[in-house]
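The structure appears right after this line, and notes come after that.
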Amino acid sequence: MFKFKSHTPTTSTIARLLKDPRIEFAFQKLERLSEELMCEHITVCQIPAPTFYESQRARYFYQRFSELGLLDSKIDLAGNVTACWPNPASNYVCLSAHLDTVFPDTTNCEVKKTGNRYFAPGISDNAAGLVGLLAIAKILVEVNLVPQIPFLFVATVGEEGIGDLKGVKYLFQKSEYKDSIKYFISFDGPGIERITHRALGSKRYKITFNGSGGHSWGDFGIVNPIHALGRAISKMANYQVPQHPASSYNIGIIEGGSSINSIAEQAYMQVDLRSVSASELSKLENHLLLSVKQALIEENLASKYSDSQLELQIEVIGERPSGELPTTSYLLQTAITTTSAFGVNPYLDCSSTDANIPISLGLEAITLGAGGSCGGCHTLSEWYEEKDRAKSLKRTLLLLLALAGLN
């Protein structure tokens, strides 16, 4: 494994790259790609890719990596799509973007344009990042920019929701590249100012109450899983999270019961806990577990005429590690310098992305936006506008070449 080194790149290094005629030519080509990239963007967005069901979109990226001229394109055992430029090697600078969306495969992902905005579920998160991945690959090959350290391109699976970072976990824990990635950069959504260097930790639970069930009139008074779920939710909703360190909880899914006049046999909820602090996340977790256990006791005691008792099932369905890339790291300092070179004032951010895994392993990793602006992310009204896409892609190309060196 690589460990971060602490020194700041000189502005002269960036200035020298900016004056290289090959870089100037690459930037010109990026400026002319707007229409082509938007067509690719629409195509990618309209390929369904729910978490755990990304195979159709993965096959498209396997084909596109090969068509663009990347080498050794393959789909690994987790479902990630990988390829390299200009050749396979023992060390890589990695650029990635996640394939999956939060929407089920029944969602209509047809892209519609209103004014300068393109509307469709997933148009921003993460079709924008995926198109950025293809654009960088296209320019590197067409301009024949040959780095001293080869580039690894990865389209990952399982980044969203209960995917639990499946793809990037496999990349760094089991894949053939697990010990070969020196720097890791993830494209996630639009924008250019944001540089995510802090990994937001999270814990996700499925909480299930099981009972005997019965008729709403004839069996009234027996234990009710939905009532117990309500008790637990009420206790959780009363928890006061601190402003600092920033933390959150969300009950995203609740299900149970079969009809209005039936006492449910089962009810469950899925809970998302997050914090920038490992200790605060632990407090949130303890409160959740205490709440559901108290709810179980209260419902069993309240239903004194019941011949049966509720049972509680607690299942961890996701865990994302936290961590932070030091501000003195070479990758972060280079990202700040290259972003500033385009007249943009970057800001440092904390979020839950594919970069969580390498950051937690002590490796140099960040997440960037792939340009443009957006709204309504993770909703059916999600939109994307192509503002500053070329600038963001030029920034990323410059960053990659500053990290890898240019032959």
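List the number of the failed condition for His215; all other conditions in (1) exposed (fewer than 13 other Cβ atoms within 10 Å of the Cβ); (2) under 22 Å from Arg274 (Cα atoms) hold.
Tallying (1) exposed (fewer than 13 other Cβ atoms within 10 Å of the Cβ); (2) under 22 Å from Arg274 (Cα atoms), His215 fails exactly one: (2).
State all residues of the stretch 34-57 that are over 30 Å from Asp76 (Cα atoms) and either touching a Ser or Thr at 6+ places or on another chain (Cβ under 6 Å) or surrounded by 18 or more Cβ atoms within 10 Å (Cβ to Cβ) (or both); if no residue qualifies, say none.
Answer for the stretch 34-57, where residues must be over 30 Å from Asp76 (Cα atoms) and either touching a Ser or Thr at 6+ places or on another chain (Cβ under 6 Å) or surrounded by 18 or more Cβ atoms within 10 Å (Cβ to Cβ) (or both): there is none.
I need the full set of residues from the stretch 243-276 which are more than 18 Å from Glu160 (Cβ to Cβ), hydroxyl-bearing (Ser, Thr, Tyr) and without any contact (Cβ under 8 Å) to a residue 40 or more places away in the chain, in order please.
Across the stretch 243-276, the qualifying residues are Ser247, Tyr249, Ser258, Ser259.
Step by step: first the residues of the stretch 345-381, then only those that are touching a His at 6+ places or on another chain (Cβ under 7 Å) and not β-branched (Val, Ile, Thr), then the one that is surrounded by the most Cβ atoms within 10 Å (Cβ to Cβ). Which residue is that?
The residue in question is Asp354.
Can you list the strands (runs of 3 or more DSSP E) lying wholly within the stretch 177-249 that have 2 or more residues being in contact with a Pro (Cβ under 8 Å, 6 or more places away or on another chain) and closer than 30 Å to Leu400 by Cα? Don't jump to the end; show me each part of the working.
On the way: elements: 181-187, 194-199, 201-210.
Strands (runs of 3 or more DSSP E) meeting the threshold: 181-187, 194-199.
Among (1) touching a helix residue (DSSP H, G or I) at 6+ places or on another chain (Cβ under 6 Å); (2) assigned by TED's automatic domain parsing to the domain that holds Leu399, there is one condition Glu193 misses while meeting the rest; what is its number?
(1)
Quick one: which of Lys166, Lys174, Lys206 is in the same structural domain as Ile42 (by TED's automatic domain parsing), over 25 Å from Gly343 (Cα atoms) and surrounded by fewer than 18 Cβ atoms within 10 Å (Cβ to Cβ)?
Testing whether each residue is in the same structural domain as Ile42 (by TED's automatic domain parsing), over 25 Å from Gly343 (Cα atoms) and surrounded by fewer than 18 Cβ atoms within 10 Å (Cβ to Cβ) leaves just Lys174.
Does the stretch 347-370 include one or more residues that are of a type outside the set (Lys, Arg), free of Cβ contacts under 8 Å to residues at least 12 places away in the same chain and under 27 Å from Ile14 (Cα atoms)?
So far as the stretch 347-370 goes, no, none of its residues is of a type outside the set (Lys, Arg), free of Cβ contacts under 8 Å to residues at least 12 places away in the same chain and under 27 Å from Ile14 (Cα atoms).
Please indicate, with yes or no, whether at least one residue in the stretch 80-96 is surrounded by fewer than 22 Cβ atoms within 10 Å (Cβ to Cβ), within 23 Å of Ala128 (Cβ to Cβ), touching a helix residue (DSSP H, G or I) at 6+ places or on another chain (Cβ under 7 Å) and among the β-branched types (Val, Ile, Thr).
Within the stretch 80-96, none of the residues are surrounded by fewer than 22 Cβ atoms within 10 Å (Cβ to Cβ), within 23 Å of Ala128 (Cβ to Cβ), touching a helix residue (DSSP H, G or I) at 6+ places or on another chain (Cβ under 7 Å) and among the β-branched types (Val, Ile, Thr).
List pairs: first in the stretch 66-90 and outside the structural domain of Ala49 (by TED's automatic domain parsing) and assigned to a helix (DSSP H, G or I), second surrounded by 20 or more Cβ atoms within 10 Å (Cβ to Cβ) and not aliphatic (A, V, I, L, M), Cβ under 7 Å, 6+ apart or cross-chain?
Matching pairs, first to second residue: none at all.
Being in contact with a strand residue (DSSP E or B) (Cβ under 9 Å, 6 or more places away or on another chain), of a type in the set (Gly, Ala, Ser) and free of Cβ contacts under 8 Å to residues at least 24 places away in the same chain narrows it down to one of Ala199, Ala237, Ala228, so name that one. Break it down into steps so the answer makes sense when it comes.
On the way: Ala199 fails: free of Cβ contacts under 8 Å to residues at least 24 places away in the same chain; Ala228 fails: free of Cβ contacts under 8 Å to residues at least 24 places away in the same chain.
After ruling out the rest, the residue left standing is Ala237.
Return the pairs, sorted by first residue and then second, in which the second residue is among the polar types (S, T, N, Q), the first residue lies in the stretch 131-146 and is within 17 Å of Leu406 (Cα to Cα), the beta carbons are less than 8 Å apart, and the residues are 6+ apart or on different chains.
Close Cβ pairs (under 8 Å, with a partner that is among the polar types (S, T, N, Q)) amount to Ile136/Thr396; Val146/Asn407.
The values are calculated or read from the model by the stated rules, or taken from the named source; none is laboratory data. Bear in mind the structure is a predicted one, so any value in this text is a computation, not a measurement. Please note: Cβ atoms are built from the backbone with ideal geometry, for glycine as well, and neighbour counts cover all protein chains shown.
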